[in-house]
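The values are calculated or read from the model by the stated rules, or taken from the named source; none is laboratory data. Since this is a predicted model, take the numbers as computed values, not measurements. As a convention, Cβ positions derive from the backbone with ideal geometry for all residues, glycine included, and neighbour counts pool all protein chains shown.
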Amino acid sequence: MRAVLSDRYRRLDNFDRPRGVLPILQQLPEVRFESVELTETKMYLKCITPRLKYEMAPGDVVQAGVVISNSEVGQGTLSVQPLLFRLVCSNGLIAADRSLRKTHVGRALGGEDERIRVYQDDTLRADDKAFFLKVRDVVQAAVSEATFRQTAQKMQKTLNIPLVGDPVKTVEVLAQRYTLNDTERAGVLRHLIAEGQLSGYGLVNAVTHYSRGRGLRPRDGV
């Protein structure tokens with residue numbers, strides 16, 4: 001037994017998800033699976049297509065990609081997140097505002113004493129089919145020329161946002177906003193100072209650089 005979950009939990013098994021997503025990913029031009037991981041609680045797929053590139057700054061190039069994650073034991077949602085993959089340090093910048101998430105909501109509603117069957121099996125199957133049509137659209141949009149360029153240009157603007165004042169205080173504010181512990185806060189500060197890029201862009205990359213080095217998951221980055 002891997003998990004004990006309530007009757008409101010919607011099973012979205014890791015085995016079933018790749019069967020629905022992989023055909024979509026395999027259609028991407030020159031697709032490269034940057035990482036594939038299955039842990040006791042989560043599944044991760046990170047795919048990159050080198051066909052789309054954008055130079056953020058001289059020598060600093062990003063490529064289009066997508067991150068897909070799921071937890072079949074109640075430790076997270078099924079999510080699809082567009083990615084800007086930075087070649088210079090293999091960091092991944094997730095475009096959270098263009099992400100798609102699906103919670104594991106099941107068929108029963110109500111309290112312990114009022115089990116009400118709401119969603120029948122054919123309804124759930126239809127909902128799954130509709131969701132994977134959305135997955136297809138999000139993946140295709142993530143690697144479209146227009147969407148990728150728009151996302152990259154939005155991130156590029158952070159190059160012109162200087163970090164004024166004490167960088168330690170800046171990282172402390174970031175840690176409070178994103179609930180980073182002391183070790184994570186220190187790691188982000190260390191990478192920010194090492195990179196020597198005291199801007200909004202440098203701060204974002206310090207977070208993702210630390211996340212990659214510590215093996216943290218996409219939800220822990222930016």
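I'd like to verify a number: residues in region 39-78 that are of a type outside the set (Phe, Trp, Tyr) and surrounded by fewer than 20 Cβ atoms within 10 Å (Cβ to Cβ), how many?
Here is the first cut: in region 39-78, the ones of a type outside the set (Phe, Trp, Tyr) are 39-43, 45-53, 55-78.
Next, from what is left, pick out any that are surrounded by fewer than 20 Cβ atoms within 10 Å (Cβ to Cβ): 39-42, 50-51, 53, 55, 57-61, 71, 73-77.
Number of matching residues: 19.
Please work out if LYS46 is out of contact with any Ser or Thr (no Cβ under 8 Å at 6 or more places or on another chain) and either modelled with pLDDT of 85 or more or assigned to a loop (DSSP other than H, G, I, E, B) (or both). Step through it out loud before you land on a result.
Details: out of contact with any Ser or Thr (no Cβ under 8 Å at 6 or more places or on another chain): no; either modelled with pLDDT of 85 or more or assigned to a loop (DSSP other than H, G, I, E, B) (or both): yes.
No.
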Which residues, taken from region 117-139, are modelled with pLDDT of 80 or more, among the acidic types (Asp, Glu) and farther than 15 Å from PRO23 by Cβ? ASP122
If a residue must be over 25 Å from ALA146 (Cβ atoms) and outside any strand (DSSP E or B), how many such residues does region 60-89 contain? 8
Could you count how many residues in region 168-197 are crowded, with 16+ Cβ neighbours inside 10 Å and either hydroxyl-bearing (Ser, Thr, Tyr) or farther than 13 Å from VAL207 by Cβ (or both)? 1
Considering residues of region 127-151 that are within 17 Å of GLY65 (Cα to Cα) and among the aliphatic types (A, V, I, L, M) only, the residue surrounded by the most Cβ atoms within 10 Å (Cβ to Cβ): ALA142
Only listed residue being in contact with a Cys (Cβ under 8 Å, 6 or more places away or on another chain) and either at pLDDT 75 or above or not aliphatic (A, V, I, L, M) (or both), chosen from LEU25, LEU38: LEU25
